[in-house]
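Visitor: Supplied in structure tokens, the structure appears directly below.
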Amino acid sequence: MTKKPGNEMWGGRFAQGPDAIMEAINASIDFDKRLYREDIAGSMAHAAMLAENGIISAEDAAAIHKGLTEIRAEIEEGRFSFSREREDIHMNIEARLAELIGPAAGRLHTARSRNDQVAVDFRLYVKRALQELEAGLSAYMGALLARAQEHAATVMPGFTHLQAAQPVTFGHHCLAYVEMAGRDRSRVRDALRRMDESPLGAAALAGTGFPIDRHRTAQDLGFREPTRNSLDSVSDRDFAIEFLALAAMTAMHLSRLAEEIVIWSTPQFDFVRLSDAFSTGSSIMPQKKNPDAAELVRAKNGRINGGLVALLTVMKGLPLSYSKDMQEDKEQVFDAIDSLSLALSAMTGMVRDLEVNVARMRAAAGAGFSTATDLADFLVRGAGLPFREAHHVTGRVVALAESRKVALEDLPLEALQEIDERIGPEVFDVLSVDSSVASRKSFGGTAPDNVRQQVAYWQQRLSTGE
């Protein structure tokens, strides 16, 4: 393999440059170039602080700021030439800065290491991603709340074991996913609070002897405060792992709804129909309308789970402080950010566009003797039976209805009284699916008025940013 002359970054310690294979495994510019905004922001804050504290001149700080502004414009306009020989986004920007402003560029790295530089860049990037995720979750919750309001009284079967269990309303079902998203949003906020500390100024691992002001750079970069231990500052990737963990849980929740949409949109269920905007066709079967968007949302969860396990494994057993292993921290996070953002946007769009087949849901709600529990409750309330005895009586009623192939409410009173004479004609007031859902008035239950109250509660929280 051909070896290159000494490396401009490592200075006089190395007589030769890296082997081509070493250069390939060592370079991260192919993926960490997306950190350019954060890297430039961190450098601007650092240079301004150095000048304010008399560590570099005001003239050099102004030249650095001007040069970095020009580099940012070059990158955003596609005019910047990224080089793998310069390894990463930090050295690519610093090298270009030297071309633009000369020796003053070399003063930017005073009292700073790439260790704290990458740590602050990565934190800033993940922080922005979390803020965008919070906004995306709020939009998703808003879409679910709109459907919940619209379908507060739309009856559908509730399932356990994917078997019809008790009638619920579609609005209540939507609110279940609002609760999940609300917990996801709270985890985002918790993560933001924990990670809102700036590692800039920790330098390589031990801090610096220069009279820097870490509180100033933390404030300028929008952090609550600086980190408190230089060793931990450069070696901590908890914030990235925590992002992946909450991303995995959020993606899991999206995947559950995606799975239900896939099931509900089959001809066998026919509960919902996806719009053309979130469906595809078949290359051979012209009648097909496939829920591909939902299926892909379901699959994204696997990628994000993999990223979480990968980064946990990278960090396992690393001694303090920084190790090059940590370069493997970003691709999983970047992929998770992209995957989750896409999945959340797709799910929000699907919820908004979903066509609900109210008649089919209602017909299915009464299948499988779903009001059997209402009959048992009726016997407890009206006849004073212990619940276990009422359960036994109801089981016999279900067996009779099943043998006659009729719904519970279609059994004649005489047949019911042959099973238990304490069953009176008022039983038919509780056997319909509408009566069933209307009776579930306990806090958090499926009664339509409850659904409307919970919609109002969550709408209030969203409007106030709670």
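The values are calculated or read from the model by the stated rules, or taken from the named source; none is laboratory data. What you see is a predicted model, and the numbers here were worked out from it, not measured in a lab. Counting neighbours? That spans all protein chains shown, and the Cβs are built from the backbone with ideal geometry, glycine included. Just so you know, the surface numbers come from the protein's heavy atoms only, side chains and all, with ligands and any DNA or RNA stripped out. Shrake-Rupley method; radii C 1.70, N 1.55, O 1.52, S 1.80 Å.
Visitor: Taking 0.36 nm per residue of separation and subtracting the Cα-Cα distance, what length does fully extending residue 413 through residue 190 add?
Guide: Numbers: separation 223, 0.36 × 223 = 80.28 nm, distance 5.74 nm.
Here the segment from residue 413 to residue 190 would lengthen by 74.5 nm.
Visitor: Sticking with this structure for a sec: Normalise the Debye intensity by I(0) for region 317-466, one equal point scatterer per Cα, no solvent, then take log10 at q = 0.13 Å⁻¹ and round to two decimals.
Guide: Values returned for q = 0.13 Å⁻¹ are -0.78.
Visitor: Hey, another quick one. Dipole size in debye (nearest 20) for the chain around its Cα centre, Lys and Arg Cβ +1, Asp and Glu Cβ -1? Don't skip to the answer; put the middle values down first.
Guide: On the way: 53 positive and 65 negative charges, 65 e Å.
It comes to approximately 320 debye.
Visitor: Continuing with this model, one more query. For region 248-342, with only Lys/Arg (+1) and Asp/Glu (-1) charged at the beta-carbon, what is the dipole magnitude about the Cα centre, in debye rounded to 20? Spell out each step's value before the answer.
Guide: Values: 10 positive and 12 negative charges, 21 e Å.
Its charge dipole is roughly 100 debye.
Visitor: Amide H to amide H, which residues 5 or more places from residue 164 or on other chains are under 5 Å from it, using H placed in the peptide plane?
Guide: none
Visitor: Let me ask something additional. With the full set of protein chains in place, find how many percent of the accessible area of the chain is carbon and sulfur; take the probe as 1.4 Å.
Guide: Here carbon and sulfur together make up 52 percent of the probe-accessible area.
Visitor: Can you sort 84, 461, 388, 72 by solvent-accessible area, 1.4 Å probe, largest first?
Guide: On the way: 84 105, 461 60, 388 175, 72 80 Å².
The residues order as 388, 84, 72, 461, largest area first.
Visitor: Please express the Cα-Cα pair-distance distribution P(r) of region 185-248 as a list of whole percents, one per 5 Å bin, running from 0 to the bin with the greatest distance.
Guide: P(r) over region 185-248, rounded to whole percents: 4, 19, 23, 23, 16, 9, 4, 2, 0.
Visitor: Roughly how many Å² of residue 289 are accessible to a 1.4 Å probe, to the nearest 10?
Guide: Probe radius 1.4 Å; accessible area of residue 289 about 110 Å².
Visitor: Okay, moving on. For residue 266, tell me the accessible area in Å² from a 1.4 Å probe, rounded to the nearest 10.
Guide: 40 Å²
Visitor: Shifting gears a bit: Under a plain spin-label model, where a point goes 7 Å from the Cα along Cα-to-Cβ, how far apart in nm are residue 77 and residue 341?
Guide: 2.4 nm
Visitor: A further question on this structure: If DNA, RNA and ligands are ignored and the probe is 1.4 Å, what is the ranking of 179, 225, 132, 87 by accessible area, most exposed first?
Guide: Details: 179 75, 225 45, 132 110, 87 10 Å².
From most accessible down to least: 132, 179, 225, 87.
Visitor: Please get the size of the charge dipole for region 308-466, origin at its Cα centre, with Cβ charges of +1 on Lys and Arg and -1 on Asp and Glu, quoted in debye to the nearest 20.
Guide: About 240 debye.
Visitor: Counting only other residues whose beta carbon sits under 14 Å from that of residue 316, what net charge do I get with K and R as +1, D and E as -1?
Guide: Working: positive: 237; negative: 238, 325, 328, 329.
With Lys, Arg at +1 and Asp, Glu at -1, the net is -3.
Visitor: Here is a further query. Give, as a single signed number, the net charge of other residues whose beta carbon lies under 9 Å from the beta carbon of residue 53, with Lys and Arg counted +1 and Asp and Glu -1.
Guide: On the way: positive: 216; negative: 52, 213.
So the environment of residue 53 carries a net charge of -1.
Visitor: Around residue 173, with a cut-off of 15 angstrom between Cβ atoms, what is the net charge of the other residues, counting Lys and Arg +1 and Asp and Glu -1? Show your work: numbers first, answer last.
Guide: Values: positive: 147, 256, 360, 362, 440, 452; negative: 150, 179, 259, 260.
Net charge in that neighbourhood comes out at +2.
Visitor: Would you be so kind as to identify which of 274, 400, 370 lies farthest towards the positive end of the dipole of the chain, taking Lys and Arg as +1 and Asp and Glu as -1 on Cβ and the Cα centre as origin?
Guide: 274
Visitor: Among 164, 339, 445, which residue has its Cα positioned farthest towards the positive end of the charge dipole of the chain, with +1 placed on the Cβ of Lys and Arg, -1 on the Cβ of Asp and Glu, and the dipole taken about the Cα centre?
Guide: The listed residue farthest towards the positive side: 339.
Visitor: Just the accessible area for residue 464, please: 1.4 Å probe, Å², rounded to the nearest 10?
Guide: 80 Å²
Visitor: Something else now. Over the chain, with the other protein chains present, what is the accessible area per residue in square angstrom, probe 1.4 angstrom? Don't jump to the answer; show the numbers that get you there.
Guide: Values: 22030 Å² over 466 residues.
So the chain comes to 47 Å² accessible per residue, rounded to a whole number.
Visitor: Next question, about the same structure. Give the residue from 188, 458, 42 lying farthest towards the positive end of the charge dipole for the chain; charges sit on Cβ (+1 for Lys and Arg, -1 for Asp and Glu) and the dipole is referred to the Cα centre.
Guide: The Cα lying farthest towards the positive end belongs to 42.
Visitor: Write down, largest first, the equivalent ellipsoid semi-axes of the chain in whole Å, where each equals the square root of 5 times an eigenvalue of the alpha-carbon gyration tensor. Could the numbers behind the result be given before it?
Guide: Values: eigenvalues 765, 104, 72 Å².
Equivalent ellipsoid semi-axes, largest first: 62, 23, 19 Å.
Visitor: Something else: Show 369, 82 ordered by accessible area, largest first, where the area counts protein heavy atoms only and the probe is 1.4 Å. Intermediate results must be reported in sequence, preceding the final value.
Guide: Working: 369 50, 82 70 Å².
Largest accessible area first, the residues go 82, 369.
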